[in-house]
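Single-structure report; data block below.
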Amino acid sequence: MKKQLIVFAIICMTLAGTAQAQQSIFSLNYAISVPLGNTSNYIDQTSGRGFILEYQKFINKNWAIGGEFGHATFYKREENKVYTEGSASLSGIQYRYQYEWPIFLTANYYVLTGDKIRPYFGLGVGTIAHDRRIDMGIFTDQNTHWQFAIRPEVGLLYKPTYNTGFKLGVKYYNSFESSDLAGQSNLGINVGIVFMN
Amino acid sequence: MKTIYRLFVLGLFTWTIISCVPNGAEYVDELDIVYTNHDQTYDFQSKGTFALPDKVIKIDFENAPDDPDWEPEFVDPVYANAILETTRTNMRNLGYTEVDKSANPDLIILASALQTDQIFYYYDWWYWQWWYPGWGPGWGWWYPGYYPPQVGRIRTGSVFLQMTDPNNQSPTDKIPVVWSGVINGLFEGSDNSINQRITTTINQAFDQSPYLAK
């Protein structure tokens, strides 16, 4: 896994092309997700399995608008628990999964500072598909829940060269209660490779 | 060129992420589950004795025939003993005394087991249209007088424990089952390991029913 990431990073950097005016910004991010609230009641383990793709177009020097798409997998093996409902009790090992598919429209405000480092604030509005699965014994229960979601973000864009760079973003994903799933939230930490042209 | 490069990076990236999907169960005992349920109004504390048959019934999906001489099939004593012994030990540890069924026990515990080792197997005849001579729309196959598409694949086993109260028979002759436990898992492995899992799971059934304690 680590090796694959390093190889991937090297290929990205060596192949990076050149372009003229900077009008758009594209990033590939490795995503770490820390479950919060209802999500952490279900799975309280931080996920290191995720990625985020972002694309934005600058509409002036400070503002860029675009979209975000990605994926994160939460997982936990829950054992030695008895699930009691009324007079009935059930026990066994549960394998819990929550696959997240965020899809957002985004707007970022990039603060103009020096050349190389630009802090930014962002907001995304869209949806997250939460695909929940519980495996217990030989049985599986799986359901997908689409929830309306928003996510504010603060981050830093670092561009040592004209059209490639790196970014670090911290996002708070918050999606709202749907018919059969309470609102979900998590803290996303994105480390990305950025391409601009 | 740039597009190709980006697609390449994207593909590599996706592959990197997908290559670390989390795992599920790896061992048979990780698939064992234990379910218990009971009559919440029943006063277990006031009961003192129980009786237990020396055999475990094997349920085979058929209705029991209406014949006073009929006897069901029984579970292999290798497994039955583990089921009965573990149940007996748990009841004794809870403070109940075992008596013969003729000595008017407060509770009678019945153990049964069910093994399913068949799955229904069927595939559409159209899969063969590319090869079978003369095959065309409207054709199909049938099994004259026998039924092959059942193959042994996943052997799952269930053990049922029913705790009944013989002194509380209702006017309609229904015997109340005041507690029941169901254990389900894969019926795979050596006798030893299966018995070990039977013991663990029956213990768990009693552990998760603290109201049985006297």
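The values are calculated or read from the model by the stated rules, or taken from the named source; none is laboratory data. No experiment lies behind these values; they were computed from the predicted model shown. When we count neighbours, we look across all protein chains shown, and the Cβ atoms used for this are built from the backbone with ideal geometry, even at glycine.
From the set of residues in segment A:51-69 that are under 15 Å from the mean Cα position of the chain (by Cα) and surrounded by 22 or more Cβ atoms within 10 Å (Cβ to Cβ), which is nearest to A:LEU123 (Cα to Cα)?
Of the residues in segment A:51-69, the ones under 15 Å from the mean Cα position of the chain (by Cα) are A:51-55, A:67-69.
Next cut, surrounded by 22 or more Cβ atoms within 10 Å (Cβ to Cβ) only: A:52, A:54, A:68.
On the way: A:ILE52: 15, A:GLU54: 13, A:GLU68: 11 Å.
Only one residue fits best here, namely A:GLU68.
For B:THR16, indicate whether it is surrounded by 15 or more Cβ atoms within 10 Å (Cβ to Cβ), within 30 Å of A:ILE93 (Cβ to Cβ), within 7 Å of another protein chain (Cβ to nearest Cβ) and modelled with pLDDT of 90 or more. Show your work before the answer.
Values: surrounded by 15 or more Cβ atoms within 10 Å (Cβ to Cβ): yes; within 30 Å of A:ILE93 (Cβ to Cβ): yes; within 7 Å of another protein chain (Cβ to nearest Cβ): yes; modelled with pLDDT of 90 or more: no.
Here the answer is no, as B:THR16 does not meet what is asked.
Could you grab me the full set of residues in segment A:18-61 that are within 14 Å of another protein chain (Cβ to nearest Cβ) and among the small types (Gly, Ala, Ser)?
A:ALA19, A:SER24, A:SER27, A:ALA31, A:SER33, A:SER47, A:GLY48, A:GLY50
Provide a single number: the residues in segment B:73-99 that are assigned to a helix (DSSP H, G or I) and surrounded by 14 or more Cβ atoms within 10 Å (Cβ to Cβ). Reasoning before the result, please.
Taking segment B:73-99 and keeping what is assigned to a helix (DSSP H, G or I), we get B:77-94.
Next, only the ones that are surrounded by 14 or more Cβ atoms within 10 Å (Cβ to Cβ) stay: B:79-91, B:94.
The number of residues fulfilling the criteria is 14.
Here's the yes/no breakdown for (1) within 14 Å of chain A (Cβ to nearest Cβ); (2) at pLDDT below 70; (3) surrounded by 14 or more Cβ atoms within 10 Å (Cβ to Cβ):
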{"position": "B:LYS101", "(1), (2), (3)": "no, no, no"}
{"position": "B:ASP124", "(1), (2), (3)": "no, yes, no"}
{"position": "B:GLY136", "(1), (2), (3)": "no, yes, no"}
{"position": "B:MET163", "(1), (2), (3)": "yes, no, yes"}
{"position": "B:PRO171", "(1), (2), (3)": "no, no, no"}
{"position": "B:LEU186", "(1), (2), (3)": "yes, no, yes"}
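So which strands (runs of 3 or more DSSP E) are wholly in segment B:20-67 and hold at least 1 residues that are farther than 21 Å from B:SER209 by Cα? Let's see the steps before the verdict.
On the way: elements: B:33-38, B:49-51, B:57-59.
Counting at least 1 such residues, we get B:57-59.
Being hydrophobic (A, V, I, L, M, F, W, C) and more than 19 Å from the chain's Cα centre (by Cα) is the filter; apply it to segment A:131-147 and report the residue that is surrounded by the most Cβ atoms within 10 Å (Cβ to Cβ).
So in segment A:131-147, the residues hydrophobic (A, V, I, L, M, F, W, C) come out as A:134, A:136, A:138-139, A:146.
This time we only want the ones that are more than 19 Å from the chain's Cα centre (by Cα), so: A:134, A:136, A:138-139.
Details: A:ILE134: 16, A:MET136: 19, A:ILE138: 14, A:PHE139: 11.
By that ranking, first place goes to A:MET136.
For the structure I just gave you, tell me whether B:VAL9 is over 28 Å from B:ILE198 (Cβ atoms), assigned to a loop (DSSP other than H, G, I, E, B) and either within 14 Å of chain A (Cβ to nearest Cβ) or at pLDDT 85 or above (or both). Break it down into steps so the answer makes sense when it comes.
Details: over 28 Å from B:ILE198 (Cβ atoms): yes; assigned to a loop (DSSP other than H, G, I, E, B): no; either within 14 Å of chain A (Cβ to nearest Cβ) or at pLDDT 85 or above (or both): yes.
Considered against the rule, which asks whether it is over 28 Å from B:ILE198 (Cβ atoms), assigned to a loop (DSSP other than H, G, I, E, B) and either within 14 Å of chain A (Cβ to nearest Cβ) or at pLDDT 85 or above (or both), B:VAL9 comes out as no.
Checking the conditions here, which among A:LEU36, A:LEU53, A:LEU123 is in contact with a helix residue (DSSP H, G or I) (Cβ under 8 Å, 6 or more places away or on another chain) and touching a residue at least 24 places away in the same chain (Cβ under 8 Å)? So that I can check it myself, show each step before the final result.
Values: A:LEU36 fails: in contact with a helix residue (DSSP H, G or I) (Cβ under 8 Å, 6 or more places away or on another chain); A:LEU123 fails: in contact with a helix residue (DSSP H, G or I) (Cβ under 8 Å, 6 or more places away or on another chain).
Exactly one of A:LEU36, A:LEU53, A:LEU123 is in contact with a helix residue (DSSP H, G or I) (Cβ under 8 Å, 6 or more places away or on another chain) and touching a residue at least 24 places away in the same chain (Cβ under 8 Å), namely A:LEU53.
Among the numbered criteria (1) buried (at least 16 other Cβ atoms within 10 Å of the Cβ); (2) farther than 17 Å from A:ALA72 by Cβ; (3) more than 13 Å from chain B (Cβ to nearest Cβ), which one does A:ILE128 miss?
Result: A:ILE128 passes all but (2).
Please go through segment A:23-66 and pick out each residue that is out of contact with any Pro (no Cβ under 9 Å at 6 or more places or on another chain), within 26 Å of A:TYR97 (Cβ to Cβ), part of a strand (DSSP E or B) and not aromatic (Phe, Trp, Tyr).
A:LEU28, A:ASN29, A:ALA31, A:ILE32, A:SER33, A:VAL34, A:PRO35, A:LEU36, A:GLY50, A:LEU53, A:GLU54
Taking the condition of being facing chain B (nearest Cβ under 8 Å), small (Gly, Ala, Ser) and in contact (Cβ under 8 Å) with a residue 12 or more places away in the chain, how many residues in segment A:62-87 meet it?
The total comes to 0.
Looking at A:LEU112, A:LEU105, which is the one that is part of a loop (DSSP other than H, G, I, E, B) and more than 14 Å from chain B (Cβ to nearest Cβ)?
Values: A:LEU105 fails: part of a loop (DSSP other than H, G, I, E, B).
Checking each option against the conditions leaves just A:LEU112.
Can A:GLY137 be described as within 14 Å of chain B (Cβ to nearest Cβ), without any contact (Cβ under 8 Å) to a residue 24 or more places away in the chain and at positive phi? Spell out the reasoning first.
Values: within 14 Å of chain B (Cβ to nearest Cβ): yes; without any contact (Cβ under 8 Å) to a residue 24 or more places away in the chain: no; at positive phi: yes.
So A:GLY137 fails the test.
Would you mind stating whether B:THR41 is more than 29 Å from B:ARG197 (Cβ to Cβ), modelled with pLDDT under 70 and polar (S, T, N, Q)? Outline the logic, then answer.
Numbers: more than 29 Å from B:ARG197 (Cβ to Cβ): yes; modelled with pLDDT under 70: no; polar (S, T, N, Q): yes.
When the stated conditions are applied, B:THR41 does not pass them.
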